[in-house]
Amino acid sequence: MKKRYLKKITAAALAVVLTVSGLSGCGQGNQKESEKQSEKQESGQETVKESSAEQAETEGQREVVTIRYMGKSGVSETAIEAIKKKALEDLQIDLVWEDIDKNVYDEKVNLGFAGGNIADIVFISTSERLSEAVENNAILPMDEAIAKDPNYGALPAEYFDSCKYNGKIYTIPTVNKVPVTMMYRADWAKKVGYETPPSNADELYDMLYKFTYEDPDGNGKDDTTGFTMIGAFTTTNPIWQLFVDARPTLEMGLYYDENEKKFKSSILDEEGMTEALTWLNKAYQEGVLDKEWIVDSKSTDEEKFVTGKTGMAFKEPFQAKIRQEKLQKLQPDAELQIIPNFQTRTGMAYRVADNRAVKEYVTANCKYPERAMEFLMYMYGPKGMFLRAYGIEGETYTVENGKMVFSNPDDVQMLLEEHLIYTSVFDLKPPVEDEQMNGYKKAFDGTTIVKDPVRYMETSPKTLEISSDVNKAATEFLAKVIIGEKPVSSYPELIAAVEKLGLREALDELNANAVVE
């Protein structure tokens, strides 16, 4: 059963939330007469304050207002401080940035909504939680604010398709999604005879095999491996897409067949999955796939790659630059490149969903909703993207002799944000042209833009009901085949198991209900 992350806010509970949060300041409903009498003095003071603010703005001045932004941890402190400084200078917004650990973020949002003290801007991760927030009027549409914004108002209408719910726009597009790619040690490749990168599954395997057995780092030790994977299969899309249309452990392997105009599941592609498992099982048996992959996490996968233990990793392409710099501290000749996109059994190796939405929303208890929306579009607009990627010129970086010099070159998290300039929905140019980043961008030319099944799953209750169970069954079965606990020939057992869970019925319901434009 799919876990529900956001508890339903009943009408009574919502009323409490609205009252506690002072939503009347946003014009969101009437207070009881008794409440008005008890809060008469406070309300009168607030009216005077808001009237003063309106008068000030009429006279060309803007009232400084406080906006609470509830962000997921991961944004550099340097970038946060730059954004806060410029929000005050440019927008007259005193930004309170609440940096929340991503592991407890959903819980914090849930408690905030239930308790009536939710921040002004929050991230909502799933379509199910978004549906509940809209149904309970807990978040606000942005259509009017977007139409007034000089940057967002000029974007093509289709950019907002993934930002809508029931025809209204609730969030904004930020970046053109980039695929997970195959990042590899180009210096190792040259040492084992690959002057040009591999262009099919057989060549890829051969290169990785040589990474394992031909001492590519030249230290005379048997201490390198072709690649590893995260045990839960996250970010392994490119390997599966050598053989099937979608990673089988993500959203039941759903993908949209553009020829037949319907959703399918890669789990049911027995031929393609058998080829994939044969390739992966061979890699495991021959030591090309790290023997510890099944217990590897995101952190151990990263550590093995940036310390020169593995020769390939599954990463977004623009992350190569900072990782190369890490590697070069240990191995000065290290060079990272992206294996260029190539044709596979089912299409191009690199694919990415047509979803540009940032999934951040202005909540209904926000006292200054228009100002909050203005800030959201500022932070993900041209100026904000530069702040997140580089900070403030003269403070966090300077341009010297045609090169960018950062005041804190060890701020890795800050440097990882540079990709925003190259992927923004706006046509942005970096302060200094970077041929390395341009090369990474060229490597994934021809990426296939696919329909995002998550946008349509809400139309099928059966799909939502069984999704997590199907993902779990697939993850466990595939791992057993790869490590040899089950033979590749046993794959029909998985098909039978997911059919018993109701996968075919879910597909029928999804295709009957989903309206795909």
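What follows is calculated from the coordinates using simple rules that are stated; it is not laboratory data. Note that the structure is predicted; figures quoted are calculated from it, not measured. Positions of Cβ are generated from backbone atoms using ideal geometry, with glycine treated the same way; all protein chains shown enter the neighbour counts.
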Legend entry - Label selected from (i) 25.5, 83; (ii) 23.6, 82; (iii) 34.5, 147, the criterion being Rg and Dmax of the Cα atoms in Å as computed here: (i)
Inset, instruction - For segment 395-495, give the magnitude of the charge dipole about the Cα centre (Cβ charges: +1 Lys/Arg, -1 Asp/Glu; no others), in debye to the nearest 20. - result: 580 debye
Inset, instruction - Quick one: grab the alpha carbon gyration tensor of segment 285-364, order the square roots of its eigenvalues as a ≥ b ≥ c, and give me rounded if a/c is under 1.5, else prolate or oblate depending on whether a/b is larger than b/c. - result: prolate
Legend entry - Cleavage-rule hits, trypsin sites (Lys or Arg not before Pro), segment 191-238, DSSP coil, Cβ neighbours within 10 Å at most 11: 221
Inset, instruction - Find the centroid of the Cα atoms in segment 172-218 and in segment 143-161, then give the distance between the two in whole Å. - result: 39 Å
Inset, instruction - Could you calculate the FRET efficiency of residue 330 with residue 107 from 1/(1 + (r/R0)^6), where r is the beta carbon distance between them and R0 is 41 Å, rounded to 0.05? - result: 0.60
Legend entry - Virtual paramagnetic centre 7 Å along Cα→Cβ of residue 117, amide N under 19 Å, in segment 345-384: 363-368
Legend entry - Rounded FRET efficiency, nearest 0.05, which uses the C-beta distance separating residue 154 from residue 85 and R0 of 22 Å: 0.25
Inset, instruction - Compute the length gained on full extension between residue 232 and residue 135: take 0.36 nm times their separation in residues and subtract their Cα-Cα distance, giving the result in nm to one decimal. - result: 31.6 nm
Inset, instruction - Using DSSP, restrict attention to beta bridges with both residues in the chain and report what percent are antiparallel, rounded to the nearest 5. - result: 60 percent
Inset, instruction - Report, in degrees rounded to the nearest 10, the 0 to 90 angle that the Cα long axis of helix 369-379 makes with the longest principal axis of the chain. - result: 30 degrees
Inset, instruction - Please arrange 185, 323, 247 by counting, for each residue, the other beta carbons lying within 10 Å of its beta carbon, fewest first. - result: 323, 247, 185
Inset, instruction - Return the loop-located GluC sites (Glu not before Pro) in segment 383-484 (DSSP other than H, G, I, E, B) with at most 13 other Cβ atoms within 10 Å of their own Cβ; answer none if there are none. - result: 395, 433
Legend entry - Cleavage-rule hits (GluC sites (Glu not before Pro)) in segment 287-356: DSSP loop, at most 13 neighbouring Cβ within 10 angstrom: 292
Legend entry - Rounded to 10°, Cα long-axis angle of helix 461-482 versus longest principal axis of the chain: 30 degrees
Legend entry - Helix axis angle, 40-58 relative to the chain longest principal axis, alpha carbon, degrees: 70 degrees
Inset, instruction - Any chance you could check the Cα centroid distance between segment 54-133 and segment 344-410 for me, in angstrom? - result: 15 Å
Inset, instruction - Rounded to the nearest 500, what is the 222 nm mean residue ellipticity of the chain from helices alone, with -39500 (n - 2.57) per DSSP H run of 4+ residues and division by all residues? - result: -12500 deg cm²/dmol
Legend entry - Spin-label pair residue 94/residue 297, simplified geometry with 7 Å Cα→Cβ offset, distance in nm: 3.9 nm
Legend entry - Spin-label pair residue 509/residue 468, simplified geometry with 7 Å Cα→Cβ offset, distance in nm: 1.6 nm
Legend entry - residue 144-residue 61 FRET efficiency (beta carbon distance; Förster radius 30 Å; 0.05 resolution): 0.80
